[in-house]
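**Q** First the structure, then my questions, so here it is.
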Amino acid sequence: MSSSQFAIFCAILITLFPLHEFVDGQGGNAGFCVPVNCDTNDKNRSCATCHIASPRKTLSFKSLAECNAGCKA
């Protein structure tokens with residue numbers, strides 16, 4: 001690959017990089033939910049945790065439905 005091809009490739013990657021942050025029409029504040037155990041005796045994973053990228057934080061919810069509603073807001 002020549003240096004000009006490499007430069008074009010890098011320019012394309014740089015311009016596409018901001019697009020990876022959009023999830024469901026939201027920017028960096030969009031999060032995703034992960035089912036987790038509420039405690040060591042909970043084997044059904046009835047609680048959920050919302051992971052938000054920007055600002056980096058984690059929120060806990062009592063159910064996956066609550067997490068999906070609260071995490072997207």
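The values are calculated or read from the model by the stated rules, or taken from the named source; none is laboratory data. If you're wondering where the values come from, they're calculated on a predicted model, not measured in any experiment. Counting neighbours? That spans all protein chains shown, and the Cβs are built from the backbone with ideal geometry, glycine included.
**Q** Of everything in region 28-66, what is of a type outside the set (S, T, Y), more than 13 Å from the chain's Cα centre (by Cα) and modelled with pLDDT of 80 or more? Give them in sequence order.
**A** Residues satisfying the conditions are P35, V36, N37, C38, C47, A48, F61, K62, L64, A65, E66.
**Q** Evaluate region 4-25: report whether one residue or more is closer than 30 Å to A69 by Cβ, touching a Phe, Trp or Tyr at 6+ places or on another chain (Cβ under 8 Å), surrounded by 13 or more Cβ atoms within 10 Å (Cβ to Cβ) and modelled with pLDDT of 75 or more.
**A** There is no residue in region 4-25 that is closer than 30 Å to A69 by Cβ, touching a Phe, Trp or Tyr at 6+ places or on another chain (Cβ under 8 Å), surrounded by 13 or more Cβ atoms within 10 Å (Cβ to Cβ) and modelled with pLDDT of 75 or more.
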